[in-house]
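Worksheet: the structure to be examined is printed underneath.
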């Protein structure tokens, strides 16, 4: 991994189609989050899952563009680590793949045959316990989504990754 202060791609000028993609991704992510669909009062909203699907597709694309033109977003606070998941970018990829590939092994919970997809908890609590595996949200002030063995928090992961991507990509988008 390259040092966080220097990336070989940083001198690369962003291609026009990628600028459009980044602008679209950021706009859609912010619109979806600002819609309030993930608030507790909307936990049974019929479009909540659809909103989450689009959110994760756009966020995955944004992570890809950030890695291409900036520096990989690699914080790992509250990440479910495994051999393929080391940081938030890996977690976003895992969740996005689980969403888009319904029969994916990435939806399987541990060594069980249980499929876990689009389960969420607003606030702190336990979604389920199967043997030694516990799907739990640890924060009262956040929303936690579960896919397979992985969880992703709205504030601590999704919004933070968005902010870091915007911080990195804004100067590149503006040509500075």
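Quick notes
- The condition of being surrounded by fewer than 20 Cβ atoms within 10 Å (Cβ to Cβ) and touching a strand residue (DSSP E or B) at 6+ places or on another chain (Cβ under 6 Å) holds for residue 136.
- A search for C-beta distances below 9 Å between a residue of region 6-22 that is on the phi < 0 side of the Ramachandran plot and any residue that is modelled with pLDDT of 55 or more and surrounded by fewer than 12 Cβ atoms within 10 Å (Cβ to Cβ), counting only pairs 6+ apart in sequence or on different chains, returns 13/175; 14/175.
- One residue from 99, 92 being surrounded by 17 or more Cβ atoms within 10 Å (Cβ to Cβ) and either modelled with pLDDT of 95 or more or out of contact with any strand residue (DSSP E or B) (no Cβ under 8 Å at 6 or more places or on another chain) (or both): 92
- For region 136-145, taking the residues that are part of a strand (DSSP E or B) and in contact (Cβ under 8 Å) with a residue 24 or more places away in the chain, the one that is nearest to residue 95 (Cα to Cα) is identified as 145.
- When region 29-60 is filtered for residues that are more than 14 Å from residue 120 (Cα to Cα) and crowded, with 18+ Cβ neighbours inside 10 Å, the ones remaining, listed by number, are 29, 32, 55, 56, 58, 59, 60.
- Filtering region 118-127 to residues that are modelled with pLDDT of 95 or more, assigned to a loop (DSSP other than H, G, I, E, B) and either farther than 26 Å from residue 140 by Cβ or touching a helix residue (DSSP H, G or I) at 6+ places or on another chain (Cβ under 8 Å) (or both) leaves only 123.
- Residue in region 110-117 that is on the phi > 0 side of the Ramachandran plot and either assigned to a helix (DSSP H, G or I) or loosely packed, with under 15 Cβ neighbours inside 10 Å (or both) present: yes
- From the list 78, 74, the lone residue that is part of a loop (DSSP other than H, G, I, E, B), more than 30 Å from residue 41 (Cα to Cα) and in contact with a helix residue (DSSP H, G or I) (Cβ under 8 Å, 6 or more places away or on another chain) is 74.
The values are calculated or read from the model by the stated rules, or taken from the named source; none is laboratory data. A quick note: this is a predicted structure, and the numbers were derived from the prediction, not measured. Quick reminder, even Gly has a Cβ in these numbers, built from the backbone with ideal geometry, and neighbours come from all protein chains shown.
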